[in-house]
Each structure stands twice: as structure tokens, then as C-alpha cells.
Amino acid sequence: MEFRDLKKQYEVLSKKINQNIEVVMREGNFIDGRQVDELERRLAEYVGVKHCITCANGTDALQLALMVWNIGPGDAVFVPDFTFFSSAEVISLVGATPIFVDVCKDTFNIDPVALENAVEQVQQDGKLRPAVAVAVDLFGLPADYKRLKQITEKYGMYILEDGAQGFGGRIGERRACSFGDISTTSFFPAKPLGCYGDGGAVFTDNDEWAMLLRSYKVHGKGKDKYDNVRIGLNSRLDTIQASILLVKLEAFYKTELEDVNCIAGFYSEELKKYVKIPQVKEPFYSSWAQYSILLNDSAEREQLQVALKEQQIPSMIYYKTPLHLQRAFEEKGICYGCSASEDISKRVLSLPMSPYLSKGDAEAVVKAVKDFFE
Ligand SMILES: *Cc1c(COP(=O)(O)O)cnc(C)c1O
């Protein structure tokens, strides 16, 4: 059994994907081909924002957003303590200070109460200017943007949505990657919408920021890439990846998103008696980048992983180390207390998940967990 079944997906979509790749090979526009423009139009339309700017990966997407806002030394950027390293790495990379904020045990997402407390603390300390809150749509579930926005508006901060795992999620009718002042996603192969290499995108309704993003991603270009008006990056999505994503995006909204929600529903129904299942409250909708359960403690988690492995069932721990305990952030970040994040990191476990997980495999996972507890 695969943890995330990309081979089955390719089997289903291979004819169209191969055709699209061949067209790119024949046309020869490997960088900035028309397929990139078409993908950007379709992504913007799907998400419901004015501008989509593709780039080389989800980490660059976050960095580009911070560059557009001129974030740097002296700025405090708030970020959930429980997320992938990238969400905070880019903060240090631009010279700002990451402030690690605790998360909610129910949703794994940034805790608005902890965010407001951290902002107040930074103001009291008086050394840094609260500038941006990064909200991550962890495991596919959008963060609580209604409450987060009340806080960022109150303190005059921007909100940056890290939708690397959130693409396809919703709150009511509104789609993930439309919640931030700027929002980002990643097309890393294992993300909800993945390509066959690295890729990413930035979303915004703001015309000026969109113009700046298009400049920063191509060496700070002015009129063209040989007219350089600011220091930027080389961060493009290549045409082959765009042509693959055009096929995958259609499959994503036509069938995959529903299928993955079906499997999540089945898991939750069957497992709720045994473990703490992920909570998705109305009107939230998840794209299930991961299906993550909570065990009672780390010993139980370890034993369950062994039991699953005996049945050839892969499982993964996202994430073992809270960000404020990562060595790279020693003396680089500030944490006013992240007890929920520390606790979750010891007990969380992600089960095999993908729209192409067969009913038989999903049943095998459920049976292995049940057998373990009975
Ligand atoms: C994967 C991921 C990223 C980074 O995306 P890349 O395309 O790998 O650079 C950023 N944030 C989160 C939450 C992620 O899961």
C-alpha cells in the first residue's frame, strides 16, 4: 500500500498527461510557455482571486510574499509552531523574526487566542514591529480566518495564508488560497494538487502586489528580464509542470476532492471509537493533505506504527519536532509557550490517504487500527 498513491493517479491520467507533455516538447517553450498563462488563469478562477502568479515552489511563494511587503529586520512575523519548516524558514531568510504561536488541538491550526497574546507580548517587549501573521491550512483544513482577521486588522498586520496543504479546502463557499492578503500554495508531488517536480503559486487580489510578484520572481525585472529594477529571485514554474497541472487540476475538482473526502468520512466513522479523529466543523471543508489522528501518548503511537507496518501499512509522523525546538531556530525565534504543539508532536500520526486509495486498502487500515486496540 502506498502512503499517497501517485502511481495510481498517473495510471488514470497518463494519456492526457503524456499528450500535454509531448505538446510542450514539440512547441519548445520550456520556460514561460502559453500553458503557464493558461494554468494561472484557471487557478485564479478556481480559487476565486484576481491574480495567480506561479513560481518554482511553495517556499519561494512564501518568500516572495514577504518580499513584496518589504518584511525584514525589526519585523515580527507570527507563525504556527506546528507546521512544516518552510512556513517559518522564509521569515528568518528575509531577516525578520519568527514568533512561534501555539495551535489548537482540535484543528492543528494556529490558535487565534495564542496569536493575540503573542502580538501583545511583542508590543510590550517593544523591540519588534508586529507585521505579518502566517496562517497555515494544515493537513488540508483552512485556518480560522474570521477570527484571525479580527486580530490582524486590530493590530494593522497582514495575513499570509500558507495554503501549501490547503488547496481545495473551503470555508462555506470560499476557497482556500483566497483568505490571505496574499496566499500561497505548493505543487510538490504529494500535496493535494501536485505536479511531477517542484512548483508553487501566489494568489492575491491586489494589482500592485501582483505586479511586484511578477517582477521579484524573475530577477526583479522591470520592462523585461534584462531591465532589473530590484533584487529578486529566479523562481518560475516550468511549462512541462504547468501542462501536467492543467490535467491534474481538472481531475482534482471533478473527482479527487470528493473521493478523498469520502475516504476521510469512512476513516472517521470507523475510527472514532478508538482514537481522536481530525475535526472538521461546519462550514469548513478539508482537502485532506493528510489524515492525522491523535494517540494517547508517544509509546502508543510507536506501537501502532509497528502494528501497521506488520500489515505493510505505511504511516508517517507530521511533525515530530515543534518549530521552536528546531535547532535552526535556536536564538533566531521567539516562543511565549507552545504546550499544545509540544503535546501534539508526541501523539500525532498520519494514515495512508489519497483520492486513489482503494476501498480495500482503506478497510485494511481500519482493521489494523481496530485490531491493535482490541
Ligand atoms: C510543503 C509545504 C511548504 C513548502 O512547499 P515546497 O513546494 O516544498 O517548497 C510550505 N508550507 C507547508 C505547510 C508545506 O506543507
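When residue 54 is evaluated against the numbered criteria (1) more than 30 Å from residue 118 (Cβ to Cβ); (2) open to solvent by 10 Å² or more (accessible area, probe 1.4 Å), which criterion, by number, is the only one it fails?
(2)
The conditions are (1) surrounded by fewer than 23 Cβ atoms within 10 Å (Cβ to Cβ); (2) in contact (Cβ under 8 Å) with a residue 24 or more places away in the chain, and residue 276 fails exactly one of them. Which is it?
The number of the failed condition is (2).
Which numbered condition in (1) closer than 23 Å to residue 171 by Cβ; (2) open to solvent by less than 10 Å² (accessible area, probe 1.4 Å) is the only one that residue 98 fails?
Condition (1) is where residue 98 drops out.
Name the residue that is most open to solvent (accessible area, probe 1.4 Å), counting only residues in segment 192-237 that are free of Cβ contacts under 8 Å to residues at least 60 places away in the same chain and basic (Lys, Arg).
223
Only one of these is part of a loop (DSSP other than H, G, I, E, B), away from the ligand (no atom under 13 Å from the Cβ), modelled with pLDDT of 95 or more and out of contact with any strand residue (DSSP E or B) (no Cβ under 7 Å at 6 or more places or on another chain): 194, 168. Name it.
On the way: 194 fails: away from the ligand (no atom under 13 Å from the Cβ).
Result of the check over 194, 168: 168.
Please determine whether any residue of segment 134-141 is over 15 Å from the mean Cα position of the chain (by Cα), at pLDDT 95 or above and either among the hydrophobic types (A, V, I, L, M, F, W, C) or more than 16 Å from the ligand (Cβ to nearest atom) (or both).
Checked segment 134-141: no residue is over 15 Å from the mean Cα position of the chain (by Cα), at pLDDT 95 or above and either among the hydrophobic types (A, V, I, L, M, F, W, C) or more than 16 Å from the ligand (Cβ to nearest atom) (or both).
Does segment 158-191 hold any residues that are of a type in the set (A, V, I, L, M) and surrounded by fewer than 23 Cβ atoms within 10 Å (Cβ to Cβ), and which are they? Before the answer, list the steps.
Kept after step one, since they are of a type in the set (A, V, I, L, M), are these residues of segment 158-191: 159-160, 164, 171, 176, 182, 190.
Scanning segment 158-191 gives 159, 171, 190.
One line per residue, one yes/no per condition, for (1) touching a strand residue (DSSP E or B) at 6+ places or on another chain (Cβ under 8 Å); (2) within 16 Å of the ligand (Cβ to nearest atom); (3) outside any helix (DSSP H, G or I):
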| site | (1), (2), (3) |
| --- | --- |
| 153 | no, no, no |
| 179 | yes, yes, yes |
| 189 | no, yes, yes |
| 201 | yes, yes, yes |
| 208 | no, no, no |
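Any residue in segment 246-270 that is within 18 Å of residue 292 (Cβ to Cβ) sitting within a Cβ distance under 9 Å of a residue that is modelled with pLDDT of 95 or more and among the acidic types (Asp, Glu)? List the pairs, counting only those 6 or more apart or interchain.
Within 9 Å, the pairs are 266/363; 270/363.
Hey, can you tell me all the residues within segment 329-374 that are farther than 13 Å from residue 271 by Cβ and modelled with pLDDT under 95?
Once the filter is applied, which keeps residues that are farther than 13 Å from residue 271 by Cβ and modelled with pLDDT under 95, segment 329-374 yields 330, 331, 332.
The values are calculated or read from the model by the stated rules, or taken from the named source; none is laboratory data. What you see is a predicted model, and the numbers here were worked out from it, not measured in a lab. When we count neighbours, we look across all protein chains shown, and the Cβ atoms used for this are built from the backbone with ideal geometry, even at glycine. Quick note on the areas: whole protein, heavy atoms, side chains included, nothing else; ligands and nucleic acids left out. Shrake-Rupley method; radii C 1.70, N 1.55, O 1.52, S 1.80 Å.
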